Protein chains: 4
Amino acid sequence: MTELNGFLAPKTPSGNSAIIPEMPWHYSGTLLTVEYLTDAANVRALLPPELDLADDEPGAVALIWADWQSCSSDFEELLDPDRSQYLETFVVVRCKFEGVTYSRCVAIWVTKDFAMARGWFQGYPKKLGSMHVTRVYNRGKATPRLEAGATFGASLAAYDHRLATAKVTLTGPVESNGFVNGHKMLHNRWVPSITPGAGNSLDQLITMGGVDLDLGQAWGGNAELILGDSQWDELGSILPVSKILGGYYREVGTTFNGGTLIADRSNPSV
Amino acid sequence: MTELNGFLAPKTPSGNSAIIPEMPWHYSGTLLTVEYLTDAANVRALLPPELDLADDEPGAVALIWADWQSCSSDFEELLDPDRSQYLETFVVVRCKFEGVTYSRCVAIWVTKDFAMARGWFQGYPKKLGSMHVTRVYNRGKATPRLEAGATFGASLAAYDHRLATAKVTLTGPVESNGFVNGHKMLHNRWVPSITPGAGNSLDQLITMGGVDLDLGQAWGGNAELILGDSQWDELGSILPVSKILGGYYREVGTTFNGGTLIADRSNPSV
Amino acid sequence: MTELNGFLAPKTPSGNSAIIPEMPWHYSGTLLTVEYLTDAANVRALLPPELDLADDEPGAVALIWADWQSCSSDFEELLDPDRSQYLETFVVVRCKFEGVTYSRCVAIWVTKDFAMARGWFQGYPKKLGSMHVTRVYNRGKATPRLEAGATFGASLAAYDHRLATAKVTLTGPVESNGFVNGHKMLHNRWVPSITPGAGNSLDQLITMGGVDLDLGQAWGGNAELILGDSQWDELGSILPVSKILGGYYREVGTTFNGGTLIADRSNPSV
Amino acid sequence: MTELNGFLAPKTPSGNSAIIPEMPWHYSGTLLTVEYLTDAANVRALLPPELDLADDEPGAVALIWADWQSCSSDFEELLDPDRSQYLETFVVVRCKFEGVTYSRCVAIWVTKDFAMARGWFQGYPKKLGSMHVTRVYNRGKATPRLEAGATFGASLAAYDHRLATAKVTLTGPVESNGFVNGHKMLHNRWVPSITPGAGNSLDQLITMGGVDLDLGQAWGGNAELILGDSQWDELGSILPVSKILGGYYREVGTTFNGGTLIADRSNPSV
């Protein structure tokens, strides 16, 4: 009998229809980051009870625009680039679990279905959105160069509601593009029972991170940020800005090749 | 301590950010269906080993374009209709498990993230696509009317590859809009372990179906269908048309309020 | 020598590549309208100097969401419905020229290129946008029915900025779906010289309207309207709401088969 | 009386609503080009009768994917990058008029309305499409580097029909990224009369080109190209590939600041 293949559904004999292929997944991209402080209670309110706030700057938040090209290990996606390119905007806080400090994504919007599927597998709470970020080109006048004074704009919308507008002006090279997204990620993977009210069939705490990091020079600078909300998306209301910490731009490459189960509370009998 | 709420991620104190709200979910829409025969071995190859082919017409396939408006029990989505309207094209076959005949969706493309998320919860193997289907308006010349001779067109594409093109010409009222999608659905819910190669953390066989069906008159007729493939999507290659059975149009209303776990092979320890 | 054909560019021997085909163009659709008053000076400021304000209610504005299916005289677009279906939101005021009262579109956003091209030919100042409007289905719970108490929502965005959000609650049948969009249109067609600062190569005042109107029952009711602006689109700032007049819903069919030149100030020598 | 401002419609007192701002317009981008030969008669069939074929290689065609960031002279679009970034795929041939050899765009698809409007003003026969081209990133594994062996993919679709798929593999630096798009452009600007059958109100032959060119190193290599058609777009049928000449990649910057009227046959009285 033919076997069904595919990392995720839909599964077919060839496995070619799967919304995402087998790991590893490679990424080349740019990150525009704005870090800011909110009241630590706002971060606390977004963490499951078993997690604690980070010890230092527990109210720190990173809002990051990533402009990615990604592919699997046969690189075929690069030749049909609609399947390879996407943008995402994600909100990262830090937390502590069993004495270890982690980063944690509490909201994220992406532009493609394969990116959504990867995120749901990884515990990133992905939704679709529309996002844009200024790019750096090497020629002509319609671009910043990677130099002091360079100005970047970025926007995020979902369901035609503007959720974030950012502006970053670089002042010079820095050691790192922020500290909030600098730890391994600690994520939940929740799948409710198909029976209403019966709890979660899958309920796992997992950790993950990239390997084979290939980092460009980080640039830092000043940032402005306007956050909004809609009926369907909370951002400005749940993580309001009390103080901007800074803005950053960095070219990055990374590879994802899985993570580790930390704790399980699944109830597969429902 | 504040509680995190939301049917699915992202979870927040209000629960308003969840990509989908609590059930029940209501649907109003139209279905354009083309039913056809393929070799039963093609259907067999898409079923997990524990499922059998249906006894009668085991090679029957339904390709369905649905043009939906949907909402949760507070109807708020209807007032921000970008959050309410979507299209989907889905491929249904039948199968048998423990003596019962079921319908089963083996491929489906939708236009919105909330529809994707509902599908992953329900075991529909949803991806994003671009699809269109002729609508029936009551006024003017740029529309078929619901009458003999009415002609409908439909298309499906994903990643800018055309996967299906259909044409249906109605001949008259019929008893039902096909037989392939007429049973309860039997779906798998698979979530792989975050650890590469460690199997599925969640692996369930579930059944589900709509309630409170509100069906319009079914219309039947003749159909033409051209199926294609791409690197990322298999349709024409895995379920080729050997004989068209017919085309159908029907207005439908339904409500989804959960399903039932049939079998579990999850391994939440990975 | 082969002849180039096509109503508009791109022109080819077959004429099939033209962004729009020869007239007539047929339309079937629905219109959701909100009429309101703004200060008449706001309307005056959007009219060319040779036009006057209408005598009665010169500050009246109609904001209309149209959900269209359209085609040319061979109806082929209906079979590839991506080429047939689109939405548009348009802003209509009235004006007077040589003693005749006209309607005039001062802003309009559409979802497809063929609709943009038709508009530029007709003097509608079309841009792309993202718009949604609640639909009426005949089955199920996720829809208003065409009856008193029915509630419709509508939205308009461009470049990920929300420009308009509307809500209309029907109270009963009425004679007409408003008065602002009830005259022949008076539009300018401007094409600047390819030489900077040299004026307009084409500068015409034309009038046009639909023929073969096929009107459904008009329904009227109450409306709410929130208007916004962005760097690229002015709506709330240039036509602010001073008083809502009413909301309307109507099914309509119409055909467009050209118009009439009223005045010409073109300078084709530049 | 308030004046109406705006380079194109919609015109308002501020001029801010215009679909495109005043020239000059700056561009920074990358070009992926495939040049090939078709039968010269195919090119001849796409030229108006008053133009001649080029003397050398009259059947040469360039198909070009451009990945642009663009802005006006105040650079504000760069800060709301949805208004600044777009892709376009265009088909260029050469022609001769009054002894001078020109380049001429015979088909072009873009992703944004402001790019469409610029094109219609410039005589580019622009339509909307969906296109993608592999990008060069400086970090990670999911990208080619600008070096021998680098492979790029590109695709073009319109109305969910795939019209072109290309693959370019670089072999080394070259002097130029092709010769077909290397002359000033010779374009027609046609606007039909609002009266059916009355001819063109605007019918101009204009020439234009970029200024302030800022060119990166051109890279050349081998190319593969598959062209298609749809009901709405002709490409493979009207300009079939008889021989691939080469593929190219180049970073470019340019500025557009108008052109020159060459000949006028407008009839503004219609």
Stokes-Einstein D for the range C:123-270 (25 °C, 0.890 mPa s, Kirkwood Rh from Cα pairs), in µm²/s, comes to 133
The size of the Cβ-based charge dipole (Lys, Arg +1; Asp, Glu -1) of the range A:120-180 about the Cα centre, to the nearest 20 debye, is 220
Gyration tensor (Cα only) of chain C to equivalent ellipsoid, semi-axes in Å sorted down, yields 30, 25, 17
Rounded to the nearest 0.05, FRET efficiency between residue C:242 and residue B:145 (Cβ-Cβ, R0 56 Å) equals 0.85
Taking alpha-carbon centroids only, the range D:125-166 lies from the range B:236-270 a number of Å equal to 35
Total charge of the residues flanking residue A:183 in space, meaning their Cβ is under 11 Å from its Cβ, with Lys and Arg +1 and Asp and Glu -1, is +4
If the chain between residue B:198 and residue B:184 were fully extended at 0.36 nm per residue, the gain over the current Cα-Cα distance would be 1.9 nm
Links exceeding 29 Å between C-alpha atoms in this model, out of A:141/A:184; B:243/C:11; B:141/C:126; A:11/D:243; B:11/B:184; B:11/B:127, come to A:141/A:184; B:243/C:11; A:11/D:243; B:11/B:184
Computed for the protein assembly as shown: size of charge dipole around the Cα centre, +1 on C-beta of each Lys and Arg, -1 on C-beta of each Asp and Glu, debye to nearest 20, value 0
Chain A to chain B by rotation: the residue of A with the beta carbon nearest the axis and the rounded distance in Å are A:202, 2
Per-residue ellipticity at 222 nm attributable to helices in chain D (runs of n ≥ 4 DSSP H, -39500 (n - 2.57) apiece, nearest 500 deg cm²/dmol) works out to -1500 deg cm²/dmol
Across C:76, C:35, C:88, the residue with the highest GNM fluctuation in chain C (Cα network, 10 Å cutoff) is C:76
Per principal axis, largest first, the Cα atoms of the range A:1-123 extend in Å by 54, 33, 19
Highest GNM mean-square fluctuation among B:247, B:129, B:172, for chain B with Cα springs under 10 Å, belongs to B:172
Taking every residue of D:153-166, the Cβ atoms of other protein chains inside 10 Å of its Cβ average out to 6
At q = 0.17 1/Å the base-10 log of I(q)/I(0) from the Debye formula over the alpha-carbon atoms of the range B:119-205 is -0.98
Kirkwood radius from Cα pairs of the protein assembly as shown plugged into Stokes-Einstein at 10 °C, 1.306 mPa s, gives D in µm²/s equal to 52
For the range C:204-263, shape from the Cα gyration tensor axes a ≥ b ≥ c, cut at a/c of 1.5 then a/b versus b/c, turns out oblate
The range B:74-114 and the range C:29-66 have their Cα centres apart by a whole-number Å value of 43
Plugging the Cβ-Cβ distance of residue B:269 and residue D:260 into 1/(1 + (r/R0)^6) at R0 = 60 Å yields, to the nearest 0.05, a FRET efficiency of 0.20
In nm, the gap between the two label points placed 7 Å beyond Cα toward Cβ at residue A:169 and residue B:75 is 5.1
Other residues with Cβ under 15 Å from the Cβ of residue D:24 give, with Lys and Arg +1 and Asp and Glu -1, a net charge of -4
Checking A:48, A:24, A:240 against a Gaussian network model of chain A (alpha-carbon springs below 10 Å), the top fluctuating residue turns out to be A:48
Among chymotrypsin sites (Phe, Trp or Tyr not before Pro) in the range C:1-70, those in a DSSP loop whose Cβ has at most 13 other Cβ atoms within 10 Å are none
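The numbers here are math on the coordinates, done by the rules we state, and not lab data. If you're wondering where the values come from, they're calculated on a predicted model, not measured in any experiment. Neighbour counts run over all protein chains shown; Cβ positions are idealised from the backbone, glycine included.
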